[in-house]
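Just dropping this structure here.
The values are calculated or read from the model by the stated rules, or taken from the named source; none is laboratory data. As the structure is a computational prediction, the values presented were derived from the model and not from experiment. Counting neighbours? That spans all protein chains shown, and the Cβs are built from the backbone with ideal geometry, glycine included. Quick note on the areas: whole protein, heavy atoms, side chains included, nothing else; ligands and nucleic acids left out. Shrake-Rupley method; radii C 1.70, N 1.55, O 1.52, S 1.80 Å.
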Amino acid sequence: MDVIIDNLPRYLSGFGMTLQLLVVAGIAALILGTIIATMRISPVPSLRVFGAVYTELIRNTPLTLVLFFCALILPYLGARLDYEVFAMIGLSVYTSPFVAEALRSGINGVPIGQAEAARSLGLGFGQTVGYVVFPQAFRMVIPPLINVIIALTKNTSVAGGFFVVELFTIGKELANANGNAVVAVLLGVATFYLLITIPLGIFAGRLEKKWVVAR
């Protein structure tokens, strides 16, 4: 345990960057995923096609390739941002179609009669989706959305291969410097990841139970 205690500031530094990547990319992915899900059910054919193509293209592209494009191709094209920002963009884009598909499954669970009733009352498409469909859909897909966020937490480790010093990068550096304590170093890294994923799972379970009772 000495190697963990002695290097605790480095662990906390990497943990902080992992949290930053998670929070920013998670919020951006939720927003972008909601927009894509809305496109998938839009009455405008071109928007539906764009949403479907975006979802299938990004979802079936390896995360490493997405981050490679953001970290190396975007600067080549003239983008001048920190690598942390490029990583957030890549993680947001990669996660958004999974959010969109989770939301679409919730939308499909909302009785179609409710949307028809809203339209008969004079509500437009945006109002029907925003006031009637999405509030119910989000309640139905809390566990899948939390699973997407947990997957995003682990995916932040890939950013370490693109000049971002996050938790996994710190663990790799410490493992290389402390060859006789590799197991302890990796256990320390795993513990910090569990500090994120376990509370997320507990939060999802409690929120789901609360909203099931409310329904």
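Among (1) modelled with pLDDT under 90; (2) buried (at least 17 other Cβ atoms within 10 Å of the Cβ); (3) closer than 19 Å to Phe15 by Cβ; (4) not aromatic (Phe, Trp, Tyr), where does Glu166 come up short?
The number of the failed condition is (1).
Taking the options Gly161, Gly179, name whichever one is farther than 21 Å from Asp2 by Cβ, small (Gly, Ala, Ser) and open to solvent by 30 Å² or more (accessible area, probe 1.4 Å).
Just a single option satisfies the conditions, and that option is Gly161.
Something else now. Against the condition closer than 29 Å to Glu166 by Cα, part of a helix (DSSP H, G or I), in contact with a helix residue (DSSP H, G or I) (Cβ under 9 Å, 6 or more places away or on another chain) and not hydroxyl-bearing (Ser, Thr, Tyr), how does Met39 come out, does it pass?
The answer is no for Met39.
On to the next question. Would you pick out the residues in segment 92-122 that are open to solvent by 50 Å² or more (accessible area, probe 1.4 Å) and of a type outside the set (D, E, K, R)?
Phe98, Ser105, Asn108, Pro111, Ile112, Gln114, Ser120, Leu121, Gly122
Also, I was wondering about something else. Would you check which residues across segment 71-85 are closer than 17 Å to Glu166 by Cα and in a helix (DSSP H, G or I) and list them?
Of segment 71-85, the ones closer than 17 Å to Glu166 by Cα are 71, 82-85.
Hits for segment 71-85 are Ala71, Tyr83, Glu84, Val85.
Which members of segment 14-34 meet the condition of being open to solvent by 70 Å² or more (accessible area, probe 1.4 Å) and within 27 Å of Val185 (Cα to Cα)?
Correct list: Gln20, Val23.
Then there's this: Which pairs do you get when a residue that is in contact (Cβ under 8 Å) with a residue 12 or more places away in the chain, found in segment 101-115, comes within reach of a residue that is assigned to a helix (DSSP H, G or I) and among the charged types (D, E, K, R), reach meaning Cβ atoms under 8 angstrom, with the pair 6+ apart or on two chains?
Pairs found: Glu101/Arg59; Arg104/Arg40; Gly106/Arg139.
Do we find that Thr55 is part of a helix (DSSP H, G or I) and not aromatic (Phe, Trp, Tyr) in this structure?
Details: part of a helix (DSSP H, G or I): yes; not aromatic (Phe, Trp, Tyr): yes.
Here the answer is yes, as Thr55 does meet what is asked.
Checking the condition in contact with an Asp or Glu (Cβ under 9 Å, 6 or more places away or on another chain) and not polar (S, T, N, Q), which residue from Pro135, Pro97, Pro62 passes?
Pro97
All but one of (1) farther than 30 Å from Met1 by Cα; (2) of a type in the set (Val, Ile, Thr); (3) buried (at least 21 other Cβ atoms within 10 Å of the Cβ) hold for Val132; state the number of the condition that does not hold.
(3)
Checking the conditions here, which among Ile89, Ile107 is of a type in the set (A, V, I, L, M), assigned to a helix (DSSP H, G or I), at pLDDT below 90 and out of contact with any Leu (no Cβ under 7 Å at 6 or more places or on another chain)?
Working: Ile89 fails: at pLDDT below 90.
Just one listed residue meets the conditions, Ile107.
Here's a follow-up. Yes or no: segment 140-157 includes at least one residue that is in contact (Cβ under 8 Å) with a residue 24 or more places away in the chain, under 18 Å from Ile41 (Cα atoms) and open to solvent by 40 Å² or more (accessible area, probe 1.4 Å).
Yes, because at least one residue in segment 140-157 is in contact (Cβ under 8 Å) with a residue 24 or more places away in the chain, under 18 Å from Ile41 (Cα atoms) and open to solvent by 40 Å² or more (accessible area, probe 1.4 Å).
Please determine whether any residue of segment 166-180 is among the hydroxyl-bearing types (Ser, Thr, Tyr) and free of Cβ contacts under 8 Å to residues at least 24 places away in the same chain.
At the first step, the residues of segment 166-180 found to be among the hydroxyl-bearing types (Ser, Thr, Tyr) are 169.
Then drop every residue that is not free of Cβ contacts under 8 Å to residues at least 24 places away in the same chain, which leaves none.
No, the conditions are met nowhere in segment 166-180.
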